[in-house]
1. Cα gyration tensor of the stretch 252-363, axes a ≥ b ≥ c as square roots of the eigenvalues: rounded (a/c below 1.5), prolate (a/b > b/c) or oblate?
2. Out of residues 5 or more away from I245 or on other chains, whose amide H comes under 5 Å of its own, with H placed 1.01 Å from N in the peptide plane?
3. Report the local net charge at I281: Lys and Arg +1, Asp and Glu -1, summed over other residues whose C-beta lies under 14 Å from its C-beta.
4. For the stretch 139-215, with only Lys/Arg (+1) and Asp/Glu (-1) charged at the beta-carbon, what is the dipole magnitude about the Cα centre, in debye rounded to 20?
5. Tell me what the chain gives for mean residue ellipticity at 222 nm when only DSSP H runs of n ≥ 4 count, each as -39,500 (n - 2.57), the sum divided by the residue total, rounded to 500 deg cm²/dmol.
6. I'd like the carbon and sulfur percentage of the solvent accessible area for the stretch 330-456, probe radius 1.4 Å, heavy atoms only, ligands and nucleic acids excluded.
7. Order the following by accessible area, largest value first: Y154, Y178. Probe radius 1.4 Å; ligands, DNA and RNA are ignored.
8. Hey, what angle do you get for helix 371-381 against the long axis of the chain, alpha-carbon based, 0 to 90 degrees rounded to 10?
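The values are calculated or read from the model by the stated rules, or taken from the named source; none is laboratory data. This structure is a prediction, so every number in the text was calculated from the model and none was measured. Using ideal geometry, Cβ is built from the backbone for each residue, glycine included, and neighbour counts are taken over all protein chains shown. Note: accessible area is taken over every heavy atom of the protein model, side chains too, but ligands, DNA and RNA are not part of it. Shrake-Rupley method; radii C 1.70, N 1.55, O 1.52, S 1.80 Å.
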Amino acid sequence: MKKTLPTFITAVSLLATGAYAQTLDLEKDELTFGFIKLTDMAPLAVAYENGYFEDEGLFVTLEAQANWKVLLDGVIDGELDGAHMLAGQPLAATIGYGTKAHIITPFSMDLNGNAITVSNDVWDQMKPHIPKMADGRPQHPISASALAPVIEDYKDKGVAFNMGMVFPVSTHNYELRYWLAAGGLQPGYYSPQDISGQIGADVFLSVTPPPQMPATMEAGTIFGYSVGEPWNQQAVIKGIGVPVITDYQLWKNNPEKVFGISKEFADANPNTTIALTKALIRAAIWLDENENANREEAVEILSRSEYVGADYEVIANSMTGTFEFEKGDKRAIPDFNVFFRYNATYPFYSDAIWYLTQMRRWGQIAEPKSDEWFIDTAKDVYRPDIYLQAARMLVDDGMASEADFPWDSDGFKAPTPASDIIDAIPYDGSAPNAYLESLPIGLKGQQIIEDNEIKG
């Protein structure tokens, strides 16, 4: 469906490629963006290195951040104009879980890209409980039910089974919890009085910054972790751990990071916001085009110290179409990292709602909420209207294909079928409370956590 162009277009310029590009009257052209050293910051690095920001008249500085809290605070206080964010961060901030600030996203950065890794000792204890294929290798996906006997053994010995995740509202926290619960294990609850997330837990989850995951596990502080790449492959290369499941195997093509900006920034700088979104969309297209033909070049960029700073081999192990589990057990997972295919960059309301359901499921949202609340909150944060303005300009300039964007979407993906999720429970973002009711472990209906117990 043809969209009318925004009225604030002020000029047309000829690029070196010979394509005519609409330029915008930018309110701010010098920008600083933050990121964490993870593979999925790639759209930022590519937009910078390939000159897509400059094409939009933007002079961008990219700055690695120490951790997710520092990054979020930087966006809130204006030290950063925007950042590579955990999808849960804009949502949590907007509803006031932790820091209160209205953060929006006009751009989803990727699908998939995470895994759950355990130490070699834990892996050895899990293996007898995992079915094998004809060639003797473990059958994937691996259920957390194979971890349950290990947990019982640790309990019998009086040892708390600790695992790491990167942030309380991270995809990694929710994916690790999802995997554990799908295998019959209790990952614990949050309450307003106890924000540890460990109420009633069989497995005790705590925050560890992504680059520190392998060393923390090697030191024995944690027995496993959930993190994005390249820190699962780093454990394989170092010979200290084994990834047991990728999030692609957990939930096929699940949403991951977003690009977050404050609503205040977007309102004050609407043209700049569209311009930066255009650059990021171009970067995502480049990362996936021609069946990932540019991935080796992308890996080289990411391996540089100013970006992820891991060895080329470590990053390539997951980003070029394969994923290595045990050393030598390298399997084809071409969609482990998706940056543009399957409308990966479109900020779907249903993706936001999934994160909100997980916050409610584990008690971060302490009180029951109506379906309308979930949907309205998603619409406050995820901004497909901005995204589609940027996409329309790219299509009209010949830099993107009309067919690659969901112009007529209502913001909701088709329900995820049972066959694409490890516990065979489908997800429909338009019915969040019904979805919560369908999950055997977790808060639902009128339930709350009171005195460290489920009530209601």
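1. Numbers: a/c = 2.00, a/b = 1.37, b/c = 1.47.
Since a/c reaches 1.5 but b/c is at least a/b, the shape of the stretch 252-363 is classed as oblate.
2. Amide H neighbours of I245, under 5 Å, 5+ apart: I116.
3. Numbers: positive: K278, R282, R341, R383, R392; negative: D55, E56, D110, D288, E289, D396, D397, E402, D404.
Taking every other residue near I281 into account, the sum is -4.
4. On the way: 3 positive and 6 negative charges, 20 e Å.
Magnitude of the dipole: close to 100 debye.
5. Details: 18 runs with 166 residues, N = 456.
For the chain, the value works out to -10500 deg cm²/dmol.
6. Numbers: 2450 of 4930 Å².
Roughly 50 percent, rounded to a whole number.
7. Values: Y154 30, Y178 10 Å².
From most exposed to least exposed: Y154, Y178.
8. Roughly 50 degrees, rounded to the nearest 10.
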